[in-house]
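Chemist: Below you will find the structure I want to go over with you.
The values are calculated or read from the model by the stated rules, or taken from the named source; none is laboratory data. The shown structure was predicted, so the numbers you read here are calculated from the model rather than taken from an experiment. Neighbour counts are summed over all protein chains in view; Cβ atoms, including those assigned to glycine, are modelled from backbone coordinates with ideal geometry.
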Amino acid sequence: MKKITYLLSVSALFISGQFFAQENTISENGNVGLGTGSTAPTARLTVAGSTRIDSTLTVNDSVVMASNALVGEDLKVEGDLYLPNIAQLDGLNGETILASGENGITKKLAVGTLRDIIYSRNCDLAGGTVTSPTWANGPNKLFSECPQVLVGIGTSTPTRQLDVVGEAKVSSNLWAQGSISIGSDLNTFSKLSIVNTNRTAAIQSNTVGNTKPYQRLMYFEYDNADTKIMEVVNTATSRTPFLLQANGAMDIDNGTTTIFHLGTEGSLELRSGSLQTFKVETTGLIRGRRMKLDLDTWADYVFEPTYHLMPLSEVESFVKKEKHLPNVPSEQELKVDGADVMEMNKILMEKVEELTLYLIQQNKNTEVLKQQVEVLQAKLAELEKTQN
């Protein structure tokens, strides 16, 4: 009996040593179950109930949670955190999500609070220029409501709300509610300022290929009678090469003097230096120093042998009936249609040449009569001698 008792004691010590040693190993295919009762454990370690770990839990591979996970304090993830089975957040208001906070710490955040973060209004209105603005996201937009925010593309020191160093392309319309300046900063009165340095053209309008009627290369609108429709100023000479005003006045300057002036009352003046070369007064009077008119025909056809010179007797009958010379417009026609200066000069020359022919014919008749008179005078002298 003593031998049996001793053997049991040794066995108990051996078993106790196996359970309470620093390191205990289980066979390669063995599983351990805590609180599983008579149910065999299905994993290396199966715990039926709560588990408390007062120190560090190290998992060399992965952790799979079939149900809930509760973290009472901070959760630190040194690698990537994947949440592949979370459904799309839609129609959430009171629910919470995890979001990154200060110092990279993940915080629980209400969906309603997230909406305020997305549409952020982080502006220091009293602090001057915002050098590090917080950009906000919204549906189809990236924006900042801070009026001091300066955006630079191609530059780290923007001077405007949008400062682009380089080219910009707009595939649709470009709209400016304020002023547009091309090549220089806007001044106090400009609406469109274009500076063209070392270029052949500053403004080019092209309607080539446009088949629509009433094309306009340039169109202006105004409602102030004192408007200067177009004014071109030479800043080097302080002269105005071209000026068109709303009252109809227009001036053209050659850099020294005004060579063309159209007055508001319809007067017109052309000058060459200090010399007035042409002027149309408001009464319709035209003043000029010389005038040269181009022509296609002249009245020299009167001297052609085939020209029909109307006998003076027929001219007399025509004048008595029509009250004007043949082939000359009547007074009524000139009042209605006006006089073509070049055509009237040709008609007057025609009459002068006809008069010349009449005079030549009259001179011939006079010479015949003169000869006849001389013959009669000679016969009369001989008759007087015979009678004496």
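Chemist: Which condition number does Tyr222 fail, the rest of (1) in a loop (DSSP other than H, G, I, E, B); (2) under 27 Å from Ile347 (Cα atoms); (3) among the aromatic types (Phe, Trp, Tyr) being met?
Modeler: (2)
Chemist: Among the listed residues Asn198, Asn234, Asn224, Asn187, identify the single one that is surrounded by fewer than 10 Cβ atoms within 10 Å (Cβ to Cβ), within 30 Å of Asn254 (Cα to Cα), at pLDDT 85 or above and out of contact with any helix residue (DSSP H, G or I) (no Cβ under 7 Å at 6 or more places or on another chain).
Modeler: Values: Asn198 fails: at pLDDT 85 or above; Asn234 fails: surrounded by fewer than 10 Cβ atoms within 10 Å (Cβ to Cβ); Asn187 fails: at pLDDT 85 or above.
Testing whether each residue is surrounded by fewer than 10 Cβ atoms within 10 Å (Cβ to Cβ), within 30 Å of Asn254 (Cα to Cα), at pLDDT 85 or above and out of contact with any helix residue (DSSP H, G or I) (no Cβ under 7 Å at 6 or more places or on another chain) leaves just Asn224.
Chemist: Within the stretch 311-354, take every residue that is of a type in the set (A, V, I, L, M, F, W, C) and not in a helix (DSSP H, G or I) and give me the one that is nearest to Asp294 (Cα to Cα).
Modeler: Going residue by residue through the stretch 311-354, those that are of a type in the set (A, V, I, L, M, F, W, C) are 312, 315, 318-319, 325, 328, 334, 336, 339, 341-342, 344, 347-349, 352.
Filter again for not in a helix (DSSP H, G or I), leaving 325, 328, 339.
On the way: Leu325: 25, Val328: 21, Ala339: 16 Å.
Looking at residues that are of a type in the set (A, V, I, L, M, F, W, C) and not in a helix (DSSP H, G or I), I get Ala339.
Yes/no per residue for (1) under 30 Å from Phe242 (Cβ atoms); (2) basic (Lys, Arg); (3) at pLDDT 95 or above:
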| site | (1), (2), (3) |
| --- | --- |
| Ser274 | yes, no, no |
| Lys292 | yes, yes, no |
| Ser313 | no, no, no |
| Asn327 | no, no, no |
| Gly338 | no, no, no |
| Asn345 | no, no, no |
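Chemist: Then there is this: When both residues are 6+ apart or on different chains and their Cβ atoms are under 9 Å apart, which pairs have a first residue that lies in the stretch 162-179 and is under 22 Å from Val149 (Cα atoms), and a second that is polar (S, T, N, Q) and not in a loop (DSSP other than H, G, I, E, B)?
Modeler: The qualifying pairs are Ser179/Ser193.
Chemist: Further, regarding this structure: Taking the criterion of being more than 30 Å from Thr264 (Cβ to Cβ), touching a helix residue (DSSP H, G or I) at 6+ places or on another chain (Cβ under 8 Å), of a type in the set (Asp, Glu) and surrounded by 13 or more Cβ atoms within 10 Å (Cβ to Cβ), would at least one residue in the stretch 353-372 satisfy it?
Modeler: yes
Yes or no, residue by residue, for (1) of a type in the set (A, V, I, L, M); (2) in contact (Cβ under 8 Å) with a residue 12 or more places away in the chain; (3) loosely packed, with under 11 Cβ neighbours inside 10 Å; (4) in contact with a helix residue (DSSP H, G or I) (Cβ under 7 Å, 6 or more places away or on another chain):
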site: Phe278; (1), (2), (3), (4): no, no, no, no
site: Thr283; (1), (2), (3), (4): no, no, yes, no
site: Arg290; (1), (2), (3), (4): no, no, yes, no
site: Asp300; (1), (2), (3), (4): no, yes, no, no
site: Val315; (1), (2), (3), (4): yes, no, no, no
site: Lys321; (1), (2), (3), (4): no, no, yes, no
site: Pro326; (1), (2), (3), (4): no, yes, no, yes
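Chemist: Of the residues Asn29, Asn103, Asn68, Asn60, which is at pLDDT 65 or above and in a helix (DSSP H, G or I)? Even if it seems obvious, please write down each step before you answer.
Modeler: On the way: Asn29 fails: in a helix (DSSP H, G or I); Asn68 fails: in a helix (DSSP H, G or I); Asn60 fails: in a helix (DSSP H, G or I).
Checking each option against the conditions leaves just Asn103.
Chemist: Among the numbered conditions (1) within 30 Å of Glu78 (Cα to Cα); (2) in contact with a strand residue (DSSP E or B) (Cβ under 8 Å, 6 or more places away or on another chain); (3) modelled with pLDDT under 65, tell me where Glu145 comes up short.
Modeler: All conditions pass for Glu145, except number (1).
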